[in-house]
Amino acid sequence: MSIIFCDTETYSTVPISNGTYAYAEKAEILIFTYAFDDGEVQVWDATECHTMPKDLYYGLTNPKNTMVWHNSMFDRTILKHARGMDLSTDRIFDTMVCAMCHGLPGGLAKLGMIFGLEDDEAKDKAGKKLIQLFCKPLGKNRKLDRATRETHPEEWASFINYAKQDITAMRKIYQKLPKWNYKGDEFQLWRLDQKINDRGFKADLKLANAAIRNINRIQKDLAQQTSDLTDGEVQSTTQRNKLLAHICNEYGVNLPDLTKSTLERRIDDPELPQGVKELLAIRQEASTTSTSKYKKVLSSVSSDGRLRGTLQFCGAQRTGRWAGRTFQPQNLPRPPKHHKNDVIESGIESIKADCVDLVVEDPMRLISSALRGCIIADDGKKLVVSDLSNIEGRAAAYLTNERWKLDAFLDYDNGVGEDLYKITYGRAFDVDPKDVDSYQRQLGKVQELALGYEGGVGAFVTFVMTYRMDLDELAENAIKVIPEKILKEAESAWGWATRQKRTLGLEKDVYVACDSLKRMWRYAHPQITNYWRELGDAVRKAIQNDGQLVKCKKLIIKKSGAWLRIQLPSGRSLCYPSPAVNENNEISYMGMNQYTRQWSRIKTYGGKLFENVCQAFARDIMADAMPEVEEKGYNILLTVHDELITEAPDREEFGHEHLSLLLATPPEWADDMPLAAGGFEGYRYKKD
């Protein structure tokens, strides 16, 4: 039994940005580097000898050997297309996936830096230059279509040395990586993930092509309207600075920018001149486009019409949730309320008929809303979809034992209680949930989504804007019913925010109303609110007492050397490298800064840690159900947040009620948790 470390360098006429599977269909192997255990790195130059070396072939096919790859989905897909080899994932150890399972970045170079491998920036730049030279066409207006070992012999020799270095780095990283989150059930879940990525989903290419045609035509019409309204001064709404200058010079209106929030806020302003409103409406329509996503469907689809490789296992570093790739199914636009599913369905037919602008008033928005419709069922199949209901809210209540809320979920699931957004509002304002109207329910929803993870006024305002509620109107209505005691506390908070210059640019009444609503939610959720502090204190205690187990209700926290681990009820751990507590009692760890994309120290706190835990717990609930979902004949195509999109035979025994029952069956490690799920079935994906 041996461990064989493997890596390939490849060439394809298809850009790698189109995704692994589209790239692989046209790919060829240039160099295959490998090493057995601690042995010398070997090189197979496939451009010099087409036949794979015997030791490599037997190393790959021997069922007793473990293969170590970095991003194995790429290499095994290349081998399948280029050499007809179908490697079993049960013998693969993927260092990139293992790193991501433990809260580390996936890039080999970044991992090398984190683990203290030799850092040679010049060598890395040279390697990237060689990849650009040999691994893709040289481009138009060049004498050569591509560079080869014959045309560039010196560079080729350097390329081989570069490829060998990747094996050396991978082997060292394999030895240093923790393994606790990439074994047992999690390893089997990754194998299922690879099966899902290999399966892909059928794409509606006619819709994608038609959408692009319509977008291009409508953009030209909108540009002409802009030109007409500005007497040719502005040729297109994409000319941002010219448009802002025209509005200022012609109408005396100064706008800070033309962002989505500014357009939404000002377009209904009664004091705005009609000409400005028309220009802003055109700008809003023109900027509501999904051209890039539709183009990505067309460029990334495989030759059989299925789009593959759109999920990244443990792509969300802190929580282990799936992330999107290529088509980015996790990031599809949410249709506006007036775009009901029947409107979108008929709109798709009008898009294909090239007349969408004759059918609806906002054609660009409808085209954007139709993006989900690119995911369709194969012939003889149907899509069966189910989504876990309010799973993060349930997770928060379960982990903290917020008993009243757990009971409320149970009552609602059994058909004898109101929905939780009504109950949230009713509990905060001390009114009967049955008397809560739709506006109040929406406010309860905003409270629930914004405040559960120690969010303050800023978080609340963000969600108010996201759900397009009028902030001034909200404040005016809320002030009337907020208890006097709460108002006094919020006014005191306003004084502090004013002194600290942290009022977020809000007027006093608006700030006080938002702060009051925050406080009312917290008073209504004592267990959750107290748990933020409890969790923060438990993490500090674990960091300061290396090796000591610290329990925090259903969580077990421990620092072992350079790692802080928060063990979830499932047994999986959230991982925080190099944790620390500074002189101000602030918690921090090393991670990827989401803004700079650099490995740096990141501060955190109880509420943020609780958010990580709840989202990871929700992920584990869904993940626990996935193997049985597959066993029952529902082929999983995608996971989108807390939703499963499956494909099943178009027969009555396969349905969304059955799938929802499978998805909402509590796992053994949370068998007393109230779960619910709901969904739909059809031939095209939609927002249920």
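The values are calculated or read from the model by the stated rules, or taken from the named source; none is laboratory data. Every value quoted in this text rests on a predicted model; they were computed, and no experiment measured them. Cβ placement follows ideal geometry from the backbone for every residue including glycine, while neighbour counts extend to all protein chains displayed. For the accessible areas, the whole protein counts, side chains as well, though only heavy atoms, and no ligand, DNA or RNA atoms are used. Shrake-Rupley method; radii C 1.70, N 1.55, O 1.52, S 1.80 Å.
Being without any contact (Cβ under 8 Å) to a residue 60 or more places away in the chain, part of a loop (DSSP other than H, G, I, E, B) and surrounded by fewer than 15 Cβ atoms within 10 Å (Cβ to Cβ): is that true of E349 here?
Considered against the rule, which asks whether it is without any contact (Cβ under 8 Å) to a residue 60 or more places away in the chain, part of a loop (DSSP other than H, G, I, E, B) and surrounded by fewer than 15 Cβ atoms within 10 Å (Cβ to Cβ), E349 comes out as no.
State whether one or more residues within the stretch 436-447 are in contact with a strand residue (DSSP E or B) (Cβ under 6 Å, 6 or more places away or on another chain), not in a loop (DSSP other than H, G, I, E, B) and not β-branched (V, I, T).
Scanning the stretch 436-447, I find no residue that is in contact with a strand residue (DSSP E or B) (Cβ under 6 Å, 6 or more places away or on another chain), not in a loop (DSSP other than H, G, I, E, B) and not β-branched (V, I, T), so the answer is no.
Taking the residues in the stretch 401-460 that are free of Cβ contacts under 8 Å to residues at least 40 places away in the same chain and basic (K, R) as candidates, determine which candidate is most open to solvent (accessible area, probe 1.4 Å).
It comes out as K434.
Let's see how each residue does on (1) more than 25 Å from the chain's Cα centre (by Cα); (2) at pLDDT 95 or above:
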| site | (1), (2) |
| --- | --- |
| R91 | yes, yes |
| K110 | no, no |
| L144 | yes, no |
| N161 | yes, no |
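Run M622 past the list (1) buried (at least 17 other Cβ atoms within 10 Å of the Cβ); (2) hydrophobic (A, V, I, L, M, F, W, C); (3) in contact with a Pro (Cβ under 9 Å, 6 or more places away or on another chain) and report the number of the one that doesn't hold.
With respect to (1) buried (at least 17 other Cβ atoms within 10 Å of the Cβ); (2) hydrophobic (A, V, I, L, M, F, W, C); (3) in contact with a Pro (Cβ under 9 Å, 6 or more places away or on another chain), M622 is out only on (3).
Could we say that Y523 is open to solvent by less than 10 Å² (accessible area, probe 1.4 Å) and in contact (Cβ under 8 Å) with a residue 60 or more places away in the chain here? If you could, list the steps in order and put the result at the bottom.
On the way: open to solvent by less than 10 Å² (accessible area, probe 1.4 Å): no; in contact (Cβ under 8 Å) with a residue 60 or more places away in the chain: yes.
So Y523 fails the test.
Considering only the stretch 269-277, I want to know if a residue exists there that is crowded, with 17+ Cβ neighbours inside 10 Å, of a type in the set (D, E) and at pLDDT below 80.
no
Against the definition (among the aliphatic types (A, V, I, L, M), out of contact with any strand residue (DSSP E or B) (no Cβ under 9 Å at 6 or more places or on another chain) and not in a helix (DSSP H, G or I)), how does L504 come out, yes or no?
yes
Scan the stretch 113-125 and report the pairs whose first residue is surrounded by 15 or more Cβ atoms within 10 Å (Cβ to Cβ) and whose second residue is assigned to a loop (DSSP other than H, G, I, E, B) and modelled with pLDDT of 85 or more, with Cβ atoms within less than 8 Å and a gap of 6+ or a chain change.
Sorted first by the residue in the stretch 113-125, then by its partner, the pairs are I114/L104; I114/P105.
Does A22 qualify as being outside any loop (DSSP other than H, G, I, E, B), over 25 Å from Q312 (Cα atoms), out of contact with any His (no Cβ under 6 Å at 6 or more places or on another chain) and modelled with pLDDT of 95 or more? Steps first, answer last, please.
Details: outside any loop (DSSP other than H, G, I, E, B): yes; over 25 Å from Q312 (Cα atoms): no; out of contact with any His (no Cβ under 6 Å at 6 or more places or on another chain): yes; modelled with pLDDT of 95 or more: yes.
Considered against the rule, which asks whether it is outside any loop (DSSP other than H, G, I, E, B), over 25 Å from Q312 (Cα atoms), out of contact with any His (no Cβ under 6 Å at 6 or more places or on another chain) and modelled with pLDDT of 95 or more, A22 comes out as no.
Scan the stretch 574-609 for residues that are closer than 20 Å to T319 by Cβ, of a type in the set (V, I, T) and under 21 Å from the mean Cα position of the chain (by Cα) and jot them down.
Selection gives I602, T604.
Tell me which residues, restricted to the stretch 278-306, are open to solvent by 50 Å² or more (accessible area, probe 1.4 Å) and of a type outside the set (D, E, K, R).
Within the stretch 278-306, S287, T289, S292, L298, S303 meet the criteria.
Check the stretch 56-76 and report whether any residue there is outside any helix (DSSP H, G or I) and under 19 Å from R199 (Cα atoms).
Filtering the stretch 56-76 down to residues outside any helix (DSSP H, G or I) leaves 62-71.
Among the residues that remain, those that are also under 19 Å from R199 (Cα atoms) are: 71.
Scanning the stretch 56-76 turns up at least one residue that is outside any helix (DSSP H, G or I) and under 19 Å from R199 (Cα atoms).
Out of everything in the stretch 313-346 that is open to solvent by 20 Å² or more (accessible area, probe 1.4 Å), polar (S, T, N, Q) and touching a residue at least 24 places away in the same chain (Cβ under 8 Å), what residue ends up being farthest from K603 (Cα to Cα)?
So, considering only residues that are open to solvent by 20 Å² or more (accessible area, probe 1.4 Å), polar (S, T, N, Q) and touching a residue at least 24 places away in the same chain (Cβ under 8 Å), the one farthest from K603 (Cα to Cα) is N341.
List, please: which pairs have Cβ atoms under 7 Å, are six or more places apart or on different chains, and start with a residue in the stretch 651-676 that is over 21 Å from K405 (Cα atoms) and end with one that is of a type in the set (F, W, Y)?
Listed pairs, sorted by first residue: F654/Y634; H656/F680; L659/Y634.
Say we look at the stretch 590-626 and pick out the residues that are aromatic (F, W, Y) and within 22 Å of K179 (Cα to Cα); which of these is modelled with the lowest pLDDT? Spell out how you get there, then give the answer.
Of the stretch 590-626, the ones aromatic (F, W, Y) are 595, 599, 605, 610, 617.
Now narrow it down to the ones that are within 22 Å of K179 (Cα to Cα): 599, 617.
Values: W599: 90, F617: 98.
My answer is W599.
Filter the stretch 369-400 down to the residues that are crowded, with 24+ Cβ neighbours inside 10 Å and over 18 Å from D688 (Cβ atoms), then identify the one that is farthest from the chain's Cα centre (by Cα).
T400
Pairs only if they're at least six apart or on different chains, beta carbon under 6 angstrom, first in the stretch 285-298 and assigned to a loop (DSSP other than H, G, I, E, B), second not β-branched (V, I, T); list them, first residue then second.
T288/M364; T288/R365; T288/S368; T289/M364; S290/S368; S290/L371
From I566, I587, I557, grab the single residue that is over 30 Å from P666 (Cα atoms), modelled with pLDDT of 95 or more, buried (at least 16 other Cβ atoms within 10 Å of the Cβ) and β-branched (V, I, T). I'd like the intermediate steps shown before the answer.
On the way: I566 fails: over 30 Å from P666 (Cα atoms); I557 fails: over 30 Å from P666 (Cα atoms).
The match here is I587.
With the structure loaded, tell me whether L358 is open to solvent by 60 Å² or more (accessible area, probe 1.4 Å), in contact with a Ser or Thr (Cβ under 8 Å, 6 or more places away or on another chain) and assigned to a helix (DSSP H, G or I) or whether it fails that test.
On the way: open to solvent by 60 Å² or more (accessible area, probe 1.4 Å): yes; in contact with a Ser or Thr (Cβ under 8 Å, 6 or more places away or on another chain): yes; assigned to a helix (DSSP H, G or I): yes.
Considered against the rule, which asks whether it is open to solvent by 60 Å² or more (accessible area, probe 1.4 Å), in contact with a Ser or Thr (Cβ under 8 Å, 6 or more places away or on another chain) and assigned to a helix (DSSP H, G or I), L358 comes out as yes.
Could you list, in sequence order, all residues of the stretch 61-82 that are over 27 Å from the mean Cα position of the chain (by Cα) and over 12 Å from F32 (Cα atoms)?
The first filter runs over the stretch 61-82 and keeps only residues over 27 Å from the mean Cα position of the chain (by Cα), leaving 61-67, 79-82.
Scanning the stretch 61-82 gives T61, N62, P63, K64, N65, T66, M67, K80, H81, A82.
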